[in-house]
Amino acid sequence: MIAWIREELKLRKWDRKAQEIRASYAEEIRKLDAAKDWNGRNGIISLSAFEASEYEDEAATIRSNRIVRRALRLSLPVPPKVEDSGQWWQSQTYGTWALTNVGTYELRRAIRIEEKERREVWLAWGGMLVSVLSLVVAIIALLKS
C-alpha cells in the first residue's frame with residue numbers, strides 16, 4: 001500500500017512537471033505565432049515536447065508497470081515487448097517500454113474479465129453458504145419451539 005502511494009505521488013509529480021514545462025513555453029509560442037516566425041515556433045514546440053517527454057515517458061512506464069503487475073498477479077499473458085506489435089512503444093528519451101493505448105485497453109479489459117470471473121465464483125459460493133446457514137438457523141429455531 002505504501003509503495004502504491006509512493007508510486008502515485010511520483011506519477012502526479014511527473015504529470016505536474018510535464019504540464020509546467022509545456023506551460024512555460026506557451027507564451028513564447030504565442031509570441032512567435034504573432035510574429036509569424038513558423039520555424040522558431042516549430043523549434044520551440046519541439047523543444048518543449050522533448051523536455052516534457054522525459055516526465056511523460058517516465059509516468060507512462062510507471063502506469064504500464066502497474067498494469068503488467070496486476071496482470072501477472074492474475075496469471076494473465078502479457079504481450080511481448082516488440083515495437084511492431086502495436087502493444088508497446090519505446091521511449092526515445094530513456095529507452096524504457098510502455099504500453100500503447102491499445103495495449104493498455106486490451107490488458108485492462110483482460111484484467112477486468114478475469115477479476116469478474118473470480119468474483120463470480122466467490123459470490124456463488126457465498127450465496128450457497130448463506131442459504132445453508134439460513135436453513136440451519138431455521139431448523140434450530142423450529143427444534144427449540
**Relative contact order for the chain, counting Cα pairs under 8 Å that sit 6 or more residues apart, in percent** = 18
**Calculated FRET value between residue 105 and residue 135, using beta carbons and R₀ = 41 Å, to 0.05** = 0.35
**Asked** Rounded, prolate or oblate: which fits the chain when a ≥ b ≥ c are the square roots of the eigenvalues of the alpha-carbon gyration tensor, with rounded for a/c under 1.5 and prolate only if a/b beats b/c?
**Response** prolate
**Item:** Table column - 3J(HN,Hα) (Hz), the stretch 2-19, Karplus curve with 6.51, -1.76, 1.60, x for Gly and Pro
**Value:** 5, 5, 5, 5, 4, 4, 5, 5, 5, 4, 4, 5, 5, 4, 5, 5, 5, 5
**Asked** What ³J(HN,Hα) values, in whole Hz, does the Karplus curve 6.51 cos²θ - 1.76 cosθ + 1.60 give for the stretch 108-121 when θ = phi - 60°, with x put for Gly and Pro?
**Response** 5, 5, 4, 5, 4, 5, 5, 5, 5, 4, 5, 5, 4, 4
**Prompt:** Considering amide H positions built from the backbone, and no H for Pro or chain starts, which residues 5 or more places from residue 88, or on another chain, come under 5 Å of its amide H?
**Reply:** 82, 100
**Prompt:** Toward the positive end of the charge dipole of the stretch 2-144, about the Cα centre and with charges on Cβ (Lys, Arg +1; Asp, Glu -1), which of 77, 25, 96 goes farthest?
**Reply:** 77
**Prompt:** Which of 15, 84, 57 comes first, and how do the rest follow, when ranked by fewest Cβ neighbours within 10 Å?
**Reply:** 84, 15, 57
**Prompt:** residue 47 label point, 7 Å along Cα→Cβ, cut-off 14 Å on backbone N: hits in the stretch 14-29?
**Reply:** 21-29
**Item:** In order through the stretch 48-62: 3J(HN,Hα) via Karplus (6.51 cos²θ - 1.76 cosθ + 1.60), integer Hz, x for Gly, Pro
**Value:** 5, 5, 5, 5, 6, 5, 4, 7, 5, 5, 5, 5, 5, 5, 4
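None of the figures in this text is laboratory data; all of them are computed from the coordinates on show. These figures come from a predicted structure and were not determined experimentally. Glycine gets a Cβ as well: all are built from the backbone with ideal geometry, and neighbour counts include every protein chain shown.
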